[in-house]
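Notes for the one structure printed next.
Just so you know, all these numbers are worked out from the coordinates, no wet-lab data involved. Computed from a predicted structure; not experimentally measured. Positions of Cβ are generated from backbone atoms using ideal geometry, with glycine treated the same way; all protein chains shown enter the neighbour counts.
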Amino acid sequence: MALLAIAGSAIHYSQQLKADNERLHSNQSALMADVELYKTEAGENAAKVQRLQLTASEFETQCADLKAEVERLGIKTKRLQQVIASSSQTKVEVRTEVKDSIVYVPMLARLDTLKCFEFNDGWVRASGCIDTSGHFEGEFESNDSLLIVAHRVPKRFLFFRWGCKRVELDIKSSNPHTSITHAKFIEFSKK
């Protein structure tokens, strides 16, 4: 009985080591791979990144910036299941007509002329005026929606597909002026 118990625990321990080795191998390939930036068939900007599987202690030591953000939200690290981080940059070339606008200035008790503009292409809205002293006052607004999809990539041999080689995250931005600059996908393992 004792030998069976020892053999059973040894088999269980070796299975745990094999699973942890596969997790670490997957993490190495995810860390070596860069974020893949591409355009969809519709011309929208998208990015692809592989999943990192970290334990809570690995997350605390390797992702201190994300840990601080999570703690500011009031969430404890031990309760996390997945963390997805992405950043984007919006850059727009604005070509519009600057028009003179006549306004009443109460402090001077007279009319004054301001150079004003408006721009709106459905994704970015900008408007503002430049007064006679050269100061600009205006407003810029950018709208965007991100679609984030996590999916499994199966192992392949010839035309057979089985299991899970890795998990990837695809992020798509609907704003044509936005480009995704960074993405990170972390899933927590129970070790």
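Taking H as built 1.01 Å from N, whose amide H comes closer than 5 Å to the amide H of residue 165, not counting residues under 5 places away?
Those lying under 5 Å, H to H, from residue 165 are 153, 155.
Considering only 87, 173, 26, give the residue with the highest GNM mean-square fluctuation for the chain, with springs between Cα atoms whenever their separation is below 10 Å.
Largest GNM mean-square fluctuation: 87.
Read phi for every residue in the stretch 126-132 and hand back ³J(HN,Hα) as whole Hz from Karplus 6.51 cos²θ - 1.76 cosθ + 1.60, θ = phi - 60°, with x for Gly and Pro.
Listing the rounded values in order: 9, 8, x, 9, 10, 7, 5 Hz.
Tell me, in nm to one decimal, what length is gained between residue 3 and residue 140 on full extension, where the rule is 0.36 nm per residue of separation less the Cα-Cα distance? Write out the running numbers ahead of the final one.
Working: separation 137, 0.36 × 137 = 49.32 nm, distance 7.31 nm.
Full-extension gain reported as 42.0 nm.
Okay, helix-only estimate at 222 nm for the chain: each DSSP H run of n ≥ 4 adds -39500 (n - 2.57), divide by all residues, round to 500 deg cm²/dmol; what do you get? Mind showing how you got there, number by number?
Working: 3 runs with 47 residues, N = 191.
Computed mean residue ellipticity for the chain: -8000 deg cm²/dmol.
List the pairs from 67/165; 48/184; 67/184; 48/76 whose alpha-carbon separation is above 19 Å, in the order I gave them.
67/165; 48/76
Considering only 160, 140, 119, give the residue with the highest GNM mean-square fluctuation for the chain, with springs between Cα atoms whenever their separation is below 10 Å.
The residue that fluctuates most here is 160.
How would you rank 53-64, 9-20, 29-40, 176-187, highest first, on the average number of other Cβ atoms within 10 Å across their residues?
176-187, 53-64, 29-40, 9-20
Based only on the alpha carbon positions, what is the Kirkwood hydrodynamic radius of the chain, in angstrom?
Computed over Cα pairs of the chain, the Kirkwood hydrodynamic radius comes out at 21.6 Å.
Considering only the chain, what is the antiparallel percent among its DSSP beta bridges, to the nearest 5?
90
For the chain, find the longest principal axis of its Cα atoms and tell me its angle to the long axis of helix 2-32, 0 to 90°, nearest 10.
Around 30 degrees separate the two axes.
First select every other residue whose beta carbon is under 11 angstrom from the beta carbon of residue 75; then total the charges, Lys and Arg +1, Asp and Glu -1.
So the surrounding residues net to +3.
Considering only 134, 163, 122, give the residue with the highest GNM mean-square fluctuation for the chain, with springs between Cα atoms whenever their separation is below 10 Å.
134
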